[in-house]
Amino acid sequence: MSLEANSAATVGGGKYVGIGIFLFACLGLALLYPYNAIISATDWFEYVMPNEHNIAGVLSNANFIASLVTTFIILAVASPKEVKETPRTENPKAPPIRRRSSVFETFTKGVKSCMGLHARIYIGLLLEAVPLLVFAIIYPTRGVATALSFIVGIGDSTAQSGIFPLAGGISPRCTAAASLGSATAGLASGLLRILTKAVFPDTREGMRLSSSVYFGIAVIILSVCCLSHYFVKKYKQQLTMAFFEFEYAESTKSVLLQSEAIKKI
């Protein structure tokens, strides 16, 4: 393959690679955006619950505990122990006896069979979007806000357990794109909160409208992220081939450049 043909292949595959990176950046954004959206709206929670102390810390701790516990549960469920076979000691020629699975092993196998990568992503995004929609509609109390933040933590870990394995199965560039999307979640939610507060007046009605618009836009963003996952799932094979061809062309181009440099010497 010549250097010119290799460059043309790189450019052709680069279009699909760029689309894939954008889709996984959106999925990465969906992981931490709901949590940052809640934390960035601390002024609204303090306005609604003026007598509550350190409401931001309470919501953050609820989200963290839920995320941690859910991660441990997913690790246990996604890695069930294999059923061991015990040989018959009295008759070596007899077939081995399969040890009966425990209740936990049966449960984990059943959950694993119906909780694939794509199912975990859809369920996680749904668990993240519903609390934000509730925040956009009601005046939350401390208990309700804590429970909703807890649910967001569950959704975060559930979606994360599907997004990063999915990205890693396609290309390391997809994993990097998902990490980049997660890194920009705090900045995006903070800028959106500043914008919504600047548009509406600093009154009780203005605070209510700004928070409703703020959480409503957050739900729309999660919907776009869910749509991104739909396209990744639908065109996974094409994306995998595009990343493979792009990376192969890049590596071949590097080799050709080195060969031409050696020839000039």
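The values are calculated or read from the model by the stated rules, or taken from the named source; none is laboratory data. It should be emphasised that the depicted structure is a prediction, and the values quoted were computed from it without experimental measurement. Ideal geometry is used to build each Cβ from the backbone, glycine not excepted, and the neighbour counts take in all protein chains shown.
Quick notes on this structure:
- Subset of segment 53-79 (residues that are hydroxyl-bearing (Ser, Thr, Tyr) and not in a helix (DSSP H, G or I)): 79
- Some residue of segment 171-180 being surrounded by 20 or more Cβ atoms within 10 Å (Cβ to Cβ) and under 17 Å from residue 48 (Cβ atoms): no
- Inter-residue pairs, beta-carbon under 6 Å, first surrounded by 18 or more Cβ atoms within 10 Å (Cβ to Cβ) and in segment 59-84, second part of a helix (DSSP H, G or I) and modelled with pLDDT under 80, 6+ apart: 80/105; 80/108; 80/109
- Unmet criterion (only one of (1) loosely packed, with under 15 Cβ neighbours inside 10 Å; (2) under 24 Å from residue 232 (Cα atoms); (3) among the basic types (Lys, Arg)) for residue 204: (2)
- Of the helices (runs of 4 or more DSSP H) lying entirely inside segment 141-204, the ones with 3 or more residues being over 15 Å from the mean Cα position of the chain (by Cα) and more than 15 Å from residue 41 (Cβ to Cβ) are found at 142-170.
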